[in-house]
Amino acid sequence: DPKTNLNPRYTLESFIVGSSNELVSAAVQAVVKEVGRKYNPLFIHGGVGLGKTHLIQAAGNEIAKLYRGKINVLYVPSEKFINDVVSAIRGKRTEDMKKKYRDVDVLIIDDVQFIGGKAATEREFFYTFNALYENNKQIIISSDRPPEAIPTLEERLRSRFKGGMVADITYPDYETRLAILRAKTQEKAWAVEEKTLEAIAAKVQRNIRELEGVL
């Protein structure tokens, strides 16, 4: 969707919940029901390929669907946010940028660790964060590590990130991996023998993206 940047393919229905992501999944469900009031910000962290992007985009899609477009959602990978800051400074259009990011009801930022150490971007993100937070607008953030482990992050941003709910996605257990493979074969209408799925689930243990790739 060009307005929200969300990929409609990512839904909560297609997100397989297991012991590794139960807490995060419950937090997302709570945020969807009480946008801006339950966990704000919601900071999700975990290793590569564990479903963070799927989950945060699914949250955005669910909010957009549930509230029938009355709540403005914007999903942005952090590289896009950085590029927007650079363009705004270069083109002296910082007001346009402020309007774009502060007129939303739900801001979803993916891979926030990349803004660490980029002073102008951190400053702009800090002011954007505050403007949204003070108006009870929902902020959802993903990162490959918890706030305290982003070495170049400004302390004032780190404390903002820790002010809401910080939840992690860990490596999925065997049962969750098998459930993901079964769901994927069903979605693609592929006929794959159960013992093949079991072999893949046993072999690929740390990355859901790799799990699906092998399948």
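For the stretch 90-215, what ratio Rg/Rh do Cα atoms give with a Kirkwood hydrodynamic radius?
Values: Rg = 20.0 Å, Rh = 17.6 Å.
With Rg and the Kirkwood Rh in hand, the quotient comes to 1.14.
State the Kirkwood hydrodynamic radius of the stretch 59-133 in Å, one decimal place, computed from all pairs of distinct Cα atoms. After inverting the mean inverse Cα-Cα distance, the result is 13.0 Å.
Judged by the gyration tensor of its Cα atoms, with axes a ≥ b ≥ c, the stretch 1-44 is oblate; a/c meets the 1.5 cut and b/c is at least as large as a/b. Measuring against 23 Å, Cα to Cα, the residue pairs LYS3/LYS137; LYS80/LYS184; LYS92/LYS137; LYS33/LYS70; LYS33/LYS118; LYS3/LYS118 contain LYS80/LYS184; LYS92/LYS137; LYS33/LYS118; LYS3/LYS118 as the ones spanning a longer distance.
For LYS203, go through the aspartates and glutamates and keep the ones whose alpha-carbon is under 20 Å away, minus same-chain ones fewer than eight residues off. Straight-line reach from LYS203, under 20 Å: ASP173, GLU175, GLU193, GLU194, GLU212.
Could you work out the helix-only [θ] at 222 nm for the chain, with each DSSP H run of four or more residues adding -39,500 (n - 2.57) and the total divided by the number of residues, to the nearest 500 deg cm²/dmol? Can you show the working numbers first?
On the way: 9 runs with 104 residues, N = 215.
Here the helix-only value at 222 nm equals -15000 deg cm²/dmol.
For the pair VAL214 and GLU198, the difference between a 0.36 nm per residue extended length and the Cα-Cα distance amounts to 4.5 nm. What FRET efficiency comes out for ALA191 versus LYS3 if R0 is 35 angstrom and r is the Cβ-Cβ distance? Round to the nearest 0.05. FRET efficiency, ALA191 to LYS3: 0.35.
Would you list the membrane-span-like helices of the chain, meaning whole DSSP H runs whose alpha-carbon atoms span at least 30 Å along their axis and whose mean Kyte-Doolittle value is at least 1.0?
On the way: long enough: none.
Result, helices passing both filters: zero.
LYS162: which aspartates and glutamates have alpha carbons under 12 Å from its alpha carbon, excluding same-chain residues fewer than 8 sequence positions away? Filter leaves GLU148. What is the Å³ per residue value for the convex hull set by the Cα atoms of the chain? For the chain, the hull spanned by Cα atoms encloses 120 Å³ per residue.
Bear in mind these aren't lab numbers, they're just calculated from the coordinates by the rules spelled out. This structure is a prediction, so every number in the text was calculated from the model and none was measured. Quick reminder, even Gly has a Cβ in these numbers, built from the backbone with ideal geometry, and neighbours come from all protein chains shown.
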